[in-house]
Amino acid sequence: MRSLVIASAILLALDVVETDTITVSGITFCNKRRVEAEVTLWEQDRGQDSKIDPDDILASMKSSKQGAFEVSGSENEANGIEPYLTITHTCNVKEKGCKRTSLYPIPEKHIGGRYEMTYVSLDIVVEDDKEEC
Ligand SMILES: [Ca+2]
Ligand SMILES: [Ca+2]
């Protein structure tokens, strides 16, 4: 009887930790032209630089010469995943050799499905936008 109780407790715990999948797609633009860029799909934990529990990279790719990208990833997390996207690119940087990284939150309603960003204009400076030279 006791083992049955333990077994059902384990099943219950597994039920809470479910796998969430997210797919994000779009086309990267700069100055009205399609451009290549590095696209990374992250899952937020305690920040990219955290030593204890860093954010996880779920997928990473370079968009095509036509700017097309599609990244997909999944993770098990007790209270669901908090995915976001970063795009590293050279759109309107201060000088040659600099790179900008722009961060795009992924609305929760798209978790379990697809977030179609369609046209991603890298000219726009988003709230979390870093430039490194
Ligand atoms: Ca998380
Ligand atoms: Ca995580």
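Just so you know, all these numbers are worked out from the coordinates, no wet-lab data involved. All values reported here derive from a predicted model rather than from experimental measurement. All Cβ positions, even for glycine, are placed from backbone atoms using ideal geometry, and neighbour counts span all protein chains on display.
Placing dummy labels 7 Å off each Cα toward the beta-carbon, the span from LYS51 to VAL5 is 4.3 nm.
Helix 2-16 versus the longest principal axis of the chain: what angle, 0 to 90°, nearest 10, using Cα atoms? On a 0 to 90 degree scale, this one is about 20. Once the Cα-Cα distance is subtracted from the 0.36 nm per residue extended length, the ALA78 to ASN31 segment shows a gain of 12.7 nm. With point charges of +1 on the Cβ of Lys and Arg and -1 on the Cβ of Asp and Glu, referenced to the Cα centre of the chain, which listed residue (GLY26, GLY113, LEU41) lies farthest in the positive direction of the dipole? Positive-end residue among those listed: GLY26. Estimated from the Cβ-Cβ distance and a Förster radius of 25 angstrom, the FRET efficiency linking SER121 and SER60 is about 0.75.
The modelled label-to-label distance for the pair GLU132/THR21, using points 7 Å beyond Cα in the direction of Cβ, is 3.2 nm. Charged side chains reduced to their Cβ positions (Lys and Arg at +1, Asp and Glu at -1) give the range 54-104 a dipole of some 600 debye around its Cα centre. Per-residue ellipticity at 222 nm from helix content only, as computed over the chain with -39500 (n - 2.57) for each DSSP H run of at least four residues, stands at -3500 deg cm²/dmol.
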